[in-house]
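Chemist: I'd like to ask you about the structure that follows.
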Amino acid sequence: MNLDELNKVARAMVAPGKGILAADESTGTIKKRFDAIGVENTEDNRRDYREMMFRTAEAMKNHISGVILYDETIWQKAKDGTPLVKIIEQMGAIPGIKVDEGTKPLPNCPGELITVGLDKLADRLTKYYEQGARFAKWRAVIDIGAGIPSYTAIRTNAHALARYAALCQAAQIVPIVEPEVLMDGDHDIDRCYEVTEFMLKETFQELYYQRVALEGMVLKPNMAVPGKKSAKKASVQEVAEKTVKMLKECVPGAVPGVAFLSGGQSDEEATAHLDAMNKIGNLPWGLTFSYGRALQAAPQKAWSGKAENVAAGQRAFTHRAKMNGLAALGQWKA
Ligand code: 13P
């Protein structure tokens, strides 16, 4: 492992004013997004849609440091035959790859999930590196509900994240470590804080046991937010202050950067929260975005699967990328 090189990539992923485009929806997930805009879920449509984003020069060159791809996309070619990975590189962004294989029920833990995909991961990472991937992503899912999460689910998922991260670094790939505590449910912000803190502490302990070099990784956490069905809403300032406090309690300063998931927040909320945290300032790590829905909802709607809407889709993508780029600097204005 060349740690200097891993560190260089990790720092580039969280470069000031830039963040990550999470475009790694599985075929099933992108179907849900396409259904909402009346687009058929074909391989060509998935290619056209993603090509539209990757060719958006203003957004990609100025505000996007890296793109998380799904397995299908990393091998795909644009309409003119250029590999999509090449387009991303030409825009000055780093190609990355989602490597987990989704979730399965965790035995003995009703309602809880374990992320799978460790078997043969070392071989897959070698192939992805050859194809241009310089970072990877693995998402663990922790749900909050009556009697959950269990310690079993937290510990088992943290262990898998750490095993994945160690395998990535051995393959000279920067791991994005994503322990996502879901914002479904009716819990309040303090319950989200408590569960996320537990998950983060356990994750960093497991990373230590697996001898993962923190300088060569990026953390992708959720923010401390109330559940979507919670009666108790939280202000932007409360979310920012509690999330920064939570991260300071849990994330060592050796980690180069933290890139949040949006997790179902609205576009504007996701931007406002990130901006308010960076306005607090004085943080030991870069703090930016690795958004899927909060970057793509607007361009998806504007595009709606029609070739004549590509320019409108690209304008919508540029706008969201720019707003989040400003938020990553604490310079966004509502
Ligand atoms: P959202 O920002 O839509 O939560 O997606 C980010 C992601 O990559 C989840 O794994």
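The values are calculated or read from the model by the stated rules, or taken from the named source; none is laboratory data. Only a predicted model underlies this, so the values are computations on that prediction, with no experimental measurement involved. Cβ atoms come from the backbone with ideal geometry, glycine included; neighbour counts cover every protein chain shown. Please note that ligands, DNA and RNA were not included when accessible areas were found on the heavy atoms of the full protein model with its side chains. Shrake-Rupley method; radii C 1.70, N 1.55, O 1.52, S 1.80 Å.
Chemist: For segment 115-148: of the residues being surrounded by 22 or more Cβ atoms within 10 Å (Cβ to Cβ) and in a loop (DSSP other than H, G, I, E, B), which is nearest to the ligand (Cβ to nearest atom)?
Modeler: Going through the qualifying residues, I end up with 133.
Chemist: Out of 212, 195, 177, I need the residue that is in a helix (DSSP H, G or I) and either among the β-branched types (Val, Ile, Thr) or in contact with a Lys or Arg (Cβ under 8 Å, 6 or more places away or on another chain) (or both). Which one? Write out each step before concluding.
Modeler: Details: 212 fails: in a helix (DSSP H, G or I); 177 fails: in a helix (DSSP H, G or I).
Residue meeting the stated conditions: 195.
Chemist: Hey, another quick one. Got at least one residue in segment 219-229 being part of a helix (DSSP H, G or I) and away from the ligand (no atom under 16 Å from the Cβ)? Working first, answer last.
Modeler: First, pick out the residues of segment 219-229 that are part of a helix (DSSP H, G or I): none.
Looking through segment 219-229, none of the residues is part of a helix (DSSP H, G or I) and away from the ligand (no atom under 16 Å from the Cβ).
Chemist: A follow-up question, please. Across segment 225-234, which residue is most open to solvent (accessible area, probe 1.4 Å) among those that are farther than 21 Å from residue 203 by Cβ and of a type in the set (A, V, I, L, M)?
Modeler: Among those that are farther than 21 Å from residue 203 by Cβ and of a type in the set (A, V, I, L, M), it is 231.
Chemist: From the list 264, 253, which residue is out of contact with any helix residue (DSSP H, G or I) (no Cβ under 6 Å at 6 or more places or on another chain), within 18 Å of residue 139 (Cα to Cα) and open to solvent by 10 Å² or more (accessible area, probe 1.4 Å)?
Modeler: Going through 264, 253 in turn, just one is out of contact with any helix residue (DSSP H, G or I) (no Cβ under 6 Å at 6 or more places or on another chain), within 18 Å of residue 139 (Cα to Cα) and open to solvent by 10 Å² or more (accessible area, probe 1.4 Å): 264.
Chemist: With 205, 237, 300 as the choices, which residue is out of contact with any Leu (no Cβ under 9 Å at 6 or more places or on another chain) and open to solvent by less than 30 Å² (accessible area, probe 1.4 Å)? Talk me through it step by step, then tell me what you get.
Modeler: Working: 205 fails: open to solvent by less than 30 Å² (accessible area, probe 1.4 Å); 237 fails: open to solvent by less than 30 Å² (accessible area, probe 1.4 Å).
The conditions single out 300.
Chemist: Return the only residue of 17, 66 being more than 20 Å from residue 293 (Cβ to Cβ) and under 20 Å from the mean Cα position of the chain (by Cα). Full working, then the answer.
Modeler: Working: 66 fails: more than 20 Å from residue 293 (Cβ to Cβ).
Result of the check over 17, 66: 17.
Chemist: Pick from 91, 1: which is modelled with pLDDT under 95 and either more than 28 Å from residue 116 (Cα to Cα) or open to solvent by 40 Å² or more (accessible area, probe 1.4 Å) (or both)?
Modeler: Values: 91 fails: modelled with pLDDT under 95.
When all the criteria are applied, what remains is 1.
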